[in-house]
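Written below as structure tokens is the structure these notes are about.
The values are calculated or read from the model by the stated rules, or taken from the named source; none is laboratory data. Owing to the predicted nature of the structure, the values given are computational and were not obtained by experimental measurement. Cβ sites come from the backbone with ideal geometry, for glycine too, and all protein chains shown count toward neighbours. In case anyone asks, the SASA skips ligands and DNA or RNA and just uses the protein heavy atoms, side chains included. Shrake-Rupley method; radii C 1.70, N 1.55, O 1.52, S 1.80 Å.
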Amino acid sequence: MAKLDSDEIAERLKTIPGWELKEGTITKLYRFKEFLDGINFVSKVAQIAEAMDHHPDIAINYTRVRFSCVTHSDGGVTEKDFKLARDIEAAFNQRSG
């Protein structure tokens, strides 16, 4: 998959609230009320990522979870990363509680 240039990344980021380009990846920090809420969400994202065979980097810090998406095999951000970010965002918006 083709690596996106900075203008393409900037345009696509406008369509996914809260996501930003940071250190060569697209990333977003999610906050949860309880620790297990974040862990359960990570589990949901893991299922999505596994089905796509495209996996984000995940950092968990108590009630905060950061997802970072980059296509390492292509050396940068691709459309695959934006698809995963949109799916993560949709899962977050559909969760109960």
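Quick notes on this structure:
- Heavy-atom accessible area per residue - the chain, 1.4 Å, Å²: 60 Å²
- List LEU29, LEU84, ordered by accessible area with a 1.4 Å probe, largest first: LEU29, LEU84
- Among the DSSP helices (H) of the chain, those spanning at least 20 angstrom by Cα along their long axis with an average Kyte-Doolittle hydropathy of 0.5 or more are 35-52; this is a geometric and hydropathy rule only.
- Its relative contact order, with pairs defined as Cα atoms under 8 Å and 6+ residues apart, puts the chain at 34 percent.
- From the coordinates shown, Cα Rg over 2.2 N^0.38 Å corresponds to which of (1) 1.36; (2) 1.84; (3) 1.04: (3)
- For GLN94 and LEU29, the difference between the fully extended length at 0.36 nm per residue and the C-alpha to C-alpha distance is 21.7 nm.
- Mean ellipticity per residue at 222 nm, deg cm²/dmol - from DSSP H runs of n ≥ 4 across the chain, formula -39500 (n - 2.57): -14000 deg cm²/dmol
- Between amide H atoms placed 1.01 Å from N, distances below 5 Å from THR71 occur with GLY76, VAL77, THR78, all of them 5 or more places distant or on a separate chain.
- On the beta carbon distance between ASP74 and MET52, with R0 = 22 Å, the FRET formula returns roughly 0.90.
- Accessible surface of segment 1-89, 1.4 Å probe, proportion on carbon and sulfur as whole %: 50 percent
- Segment ALA2-ALA59, length gained on full extension (0.36 nm per residue, minus Cα span): 17.9 nm
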